[in-house]
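Data first, discussion second: the structure below is written as structure tokens.
The values are calculated or read from the model by the stated rules, or taken from the named source; none is laboratory data. Since the model is a prediction, treat every value here as computed from it, not as a measurement. With ideal geometry, Cβ positions are generated from the backbone for all residues, glycine too; neighbour counts draw on all protein chains shown. Side chains included, ligands, DNA and RNA excluded: accessible areas come from the protein's heavy atoms. Shrake-Rupley method; radii C 1.70, N 1.55, O 1.52, S 1.80 Å.
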Amino acid sequence: MCEQLVAYFQAEGCEVQCYQPTHLSQLTMVVQQAISQHQTVQDGVLVVVGGDGTLNTVAQHLLSTSVRLGVIPFGTFNYVARALGIPLEPLKAAATVLYGQSRAIHVGRINQYIYLNNASIGLYPHLIEQREMDNRRFGRYRGVAWASGFAVLMRQHQKLKLKMTIDGHAQPIESPMVFFGNNQLQLADLHLKLADCATQGKLAVVAVRAVTRWQILSLIARMQLGTFEQAPEVQQYCATQIRIDAACKHMKLAIDGEIVRAEVPLHFAVAKHALQIMVPHVITSV
């Protein structure tokens, strides 16, 4: 893939450097080096080939810079690319990097982390961990991801006792999962009207009350039918800032498909127009 993309960019008259880091520390070093080089390169673009998790790692370092980000989707779901209309075919995505336009997007923030698609506590981190184990065993396919997720949902999980402070208003809540969405396409795929909230640059939040296995099945069915939001077990919030307190000192989170540990309390907000990404030109009619 690297050789093919380098050949394409060089044929278009670009100076290209290709890196293939194998560890997170190497990826961080490459990004920092690219940011430094950007100071002396006019109209440079940092191009990421990978899934949304890799994209998140790179974007984390670009928020306070003027570096533009190019995306070559190479993950399982590629929600960021799909939401922005970036082609999933590598060479077409590469053409977008060269001939598209820069667009500023919102990103979610949680303590020292950011999320492009979603962040979650409780059940979802367990789902991600199981999915990664199943992916290593069966391969990275959407069917594997859905089957793995269904298996996790059918297990019994401990509910979290939390205090959520939503735009200054505190309320206790017991939930096996709290989900924060930032990607309008992903929220729409889940049949959630909160997609409009994310579009406005606000926190789109779903909390599920303690449920049984049968209630989980009912929620899955409701999600397919587009009535998930009407379920009595589901609470939704559209907010500017949210703080989550709990009895524990640290909490495990799933952020764009990756698992991290963050100190409690958790502070959620949206950084507006925080990241510059190359997207296709929008053709409008007069």
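By how many nm would the segment from residue 10 to residue 236 lengthen if fully extended, with 0.36 nm per residue of separation less the alpha-carbon distance?
Between residue 10 and residue 236, full extension yields an extra 76.5 nm.
Of the listed values (1) 14.2; (2) 16.9; (3) 58.0, identify the label whose number matches mean projected area of the Cα convex hull in nm² calculated from this model.
So the structure-derived entry is (2).
Just reorder 19, 115, 79 by solvent-accessible area, largest first, 1.4 Å probe, all chains present.
Sorted by accessible area, descending: 19, 79, 115.
Sequence neighbours fewer than 8 away in the same chain don't count; with that in mind, list the aspartates and glutamates whose C-alpha is under 14 Å from residue 163.
Result set, ordered by chain and number: 174, 245.
Figure the gain on full extension for residue 163 and residue 281 (residue separation times 0.36 nm, minus the Cα-Cα span) and round it to one decimal in nm.
Between residue 163 and residue 281, full extension yields 38.1 nm more.
Leaving out ligands and nucleic acids, and using a 1.4 Å probe, what accessible area per residue does the chain come to in Å²?
53
Could you check the spin-label model distance between residue 88 and residue 132? Points 7 Å from the Cα along Cα→Cβ, value in nm.
In this crude spin-label approximation the distance works out to 2.4 nm.
Treating cross-link reach as a plain straight distance, find the aspartates and glutamates whose alpha-carbon is under 14 Å from the alpha-carbon of residue 193, omitting any fewer than eight places away in the same chain.
229
Could you tell me whether the range 1-107 comes out rounded, prolate or oblate from its Cα gyration tensor? Rule is a ≥ b ≥ c as square roots of the eigenvalues, rounded for a/c under 1.5, then prolate if a/b exceeds b/c, otherwise oblate.
rounded
Helix-derived [θ] at 222 nm for the chain: sum -39500 (n - 2.57) over DSSP H runs of at least 4, divide by residue count, nearest 500?
-10500 deg cm²/dmol
Between residue 65 and residue 33, what is 0.36 nm times their sequence separation minus the Cα-Cα distance? Round to one decimal in nm.
10.2 nm
Between residue 25 and residue 249, what is the spin-label point distance in nm, taking each point 7 Å from the Cα along the Cα→C-beta axis?
Rounded to a tenth, the inter-label distance reads 2.5 nm.
Spelling out what I want: for every residue of the range 246-259, take phi, set θ = phi - 60°, compute 6.51 cos²θ - 1.76 cosθ + 1.60 (Karplus), and round to whole Hz; glycine and proline get x.
With the stated coefficients, the range 246-259 comes to 8, 6, 7, 8, 10, 9, 7, 10, 9, 10, 6, x, 10, 9 Hz.
Obtain the nm distance between the two label points defined at residue 173 and residue 76 by a simple spin-label model: each point lies 7 Å from its Cα along the Cα-to-C-beta direction.
2.5
Cut-off 10 angstrom, C-alpha nodes, Gaussian network model of the chain. Which of 272, 159, 249 fluctuates the most?
249
Hey, any idea what % of the chain's accessible area is carbon plus sulfur with a 1.4 Å probe?
Whole-percent figure for carbon plus sulfur exposure: 53.
In the structure shown, do any of 159/202; 159/252; 202/252; 202/272 have a Cα-Cα gap over 19 Å, and if so which?
Pairs exceeding the cut-off: 159/202; 202/252.
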